[in-house]
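Laboratory data are not the source of any read-out in this text; all were calculated from the coordinates shown. Keep in mind that what you see is a predicted model, and the values were worked out from it rather than measured. As a convention, Cβ positions derive from the backbone with ideal geometry for all residues, glycine included, and neighbour counts pool all protein chains shown.
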Amino acid sequence: MDDSKMVGGKVKKPGKRGRKPAKIDLKAKLERSRQSARECRARKKLRYQYLEELVSSKERAICALREELEMYKQWCTAMDQGKIPSEIKALLTGDDQKTPQSTSTKTPKNGKYSTGISQNKSA
C-alpha cells in the first residue's frame with residue numbers, strides 16, 4: 001500500500017489533522033471577544049458585591065457578639081462585688097415579663113442585641 005492507512009475500514013490520507021480553520025469574520029470575532037469580556041466583568045462585579053455584603057453582615061454579627069460579651073463581663077463584675085444584676089434575677093425567678101430580650105440567646109434580625117447595661121447597678 002502507499003502512504004494511505006486503513007482505519008476502521010476507511011482509507012485515510014496523510015496530511016493535517018484536526019479541524020480546518022474556518023474563515024471567520026474578524027470583526028465578528030472581536031465583537032464576541034468584547035461581549036465575553038463585558039460579561040466577565042459583570043460577573044466579577046456581582047461576586048465582589050456579594051462578598052462585600054457577606055463581610056458587612058459578619059462585621060455586624062461580630063459587633064453584636066462583642067456587645068453581648070461586654071454585657072456578660074459587666075454582669076460578672078457586678079456579681080464579684082456581691083450585686084446581682086436585675087437581668088439575672090429575672091432569669092433565676094422566671095420573670096420573663098420584666099426583661100424578655102435578655103433571656104434570648106438568639107441573634108435578632110437586625111443583628112444587634114439590646115443590652116441592659118443601665119440596669120446592672122441595682123443591688
* Structure fact -> Burial-style ranking of 34-46, 69-81, average other-beta-carbon count within 10 Å with highest first, yields 69-81, 34-46
* Asked: How big is the C-alpha Rg of the stretch 47-99 next to the rule-of-thumb value 2.2 N^0.38 Å, as a ratio?
  -> 1.71
